[in-house]
1. Can you work out the FRET efficiency for the pair L113 and L134, with r the C-beta to C-beta distance and R0 = 25 Å, to the nearest 0.05?
2. Where Lys and Arg each count +1 and Asp and Glu each count -1, what net charge lies around S24 among other residues with Cβ under 14 Å from its Cβ?
3. Helix by helix, which DSSP H runs in the chain go 18 Å or more along their axis at the Cα atoms and have an average Kyte-Doolittle hydropathy of 1.6 or more?
4. Cβ under 15 Å from L288's Cβ, L288 left aside: what net charge do those residues give with Lys, Arg +1 and Asp, Glu -1?
5. Using the Cα centre of the chain as the reference point, and only Cβ charges (+1 on K/R, -1 on D/E), how large is the resulting charge dipole? Debye, rounded to the nearest 20.
6. Only Cα pairs within less than 10 Å get springs; with that Gaussian network setup on the chain, which residue of I131, I23, I84 has the largest fluctuation?
7. For L127 and F17 in one chain, what is 0.36 nm times their gap in residues minus the Cα-Cα distance, to one decimal in nm?
8. Counting only residues 5 or more places away or on other chains, whose amide H sits under 5 Å from the amide H of H291 once H atoms are built in the peptide plane?
Amino acid sequence: MLVSTAQVIAGLVLLYFGGEGLISGASRLALRMGVSSLIVGLTVVAFGTSAPELFVSLGAVLDGLDDVAVGNVVGSNICNIALILGLAAVSRPIRINARLIKADLPLLIAASLWLIFILRDGSVARLEGAISILGLLAYVAFNAWEANREDEPVKEELQKASPQPGWSLTKDLAFIGLGLVALAAGANWFVSGAVAIATLVGLSPAFIGLTIVAIGTSLPELAVTVLASRRGQGDIAVGNVIGSNLFNIGAIMGITSAVHPVERGGILWADMGVMLGLTLVLVPMLLLGSHLTRNRGAILIASYIAYIIWRLNVG
């Protein structure tokens, strides 16, 4: 128990500093390349912070713990929206980019429906996993195309805000690389310690995947999203959550099932319903005004606490 507790604490420290390094490097890299911070938040940062979910789910499938693998994807998506985005909004109201409402959020809703569809018969086949990966690649291509369509006023503002000459591209990449390494190591230590503690008290694999592992592997998103929100970088904060959820469905579920067909196990229809419901709730929240307010953030957090209490009672 003592070793597991030490792993949890060390993991949290690495996650904080990893998030700090990733945000710093990615923000400066976005300005240097003339690409909006929203695009970087939706792709580079989002995919980087979701790397721990990928490694954990792959390891779980190879160990025969399909409940943990699928629960990690569903639970992480629930956690990202309800807990992480909620905490970020409570920390500081987040300004919403119109593109999130017009393009990225509808894509996330479609991806969530796709995940429910492929899990309808209790398992995900290799072909369904391959289709999920292709969908994610199309999304990345769409973002690359959008990046080239930035209008001139936006490009001029980015040029004015570009990094000082003394800060090199090498330093940007070093911050991003070291940040990702720290995030991955921190998440692995946290999850290892948390799962060991949870197993000792007799929690089910499905519950561990949906909650303990999902929260642990989502801590990189928490670190990045809350730090970005406090710095006023709302595009990175919200883009990171939406991009991470898309990555979870497209890459994590796709790659793990392509490697080995995945069984749904103890993941309930209600769990998937909560994931879809929270995604749909974002639509009116983001449409009502140009900011995700502290009150709306508090509602998201309260809904996550209610879900955890319900799931603990279900087992």
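1. 0.90
2. +3
3. Span-like helices, by this rule, are 105-118, 269-287.
4. Value of the local net charge: +3.
5. Roughly 680 debye, rounded to the nearest 20.
6. With Cα springs under 10 Å in the chain, the top fluctuation among I131, I23, I84 is at I131.
7. Gain on stretching L127 to F17: 35.8 nm.
8. Sorted by chain and number, the residues that satisfy this are I96.
FYI, it's all coordinate maths here, none of it is from the lab. Values in this document were obtained by computation on a predicted structure and should not be read as measured data. Here Cβ is always computed from backbone atoms with ideal geometry, including for glycine, and neighbour counts include all displayed protein chains.
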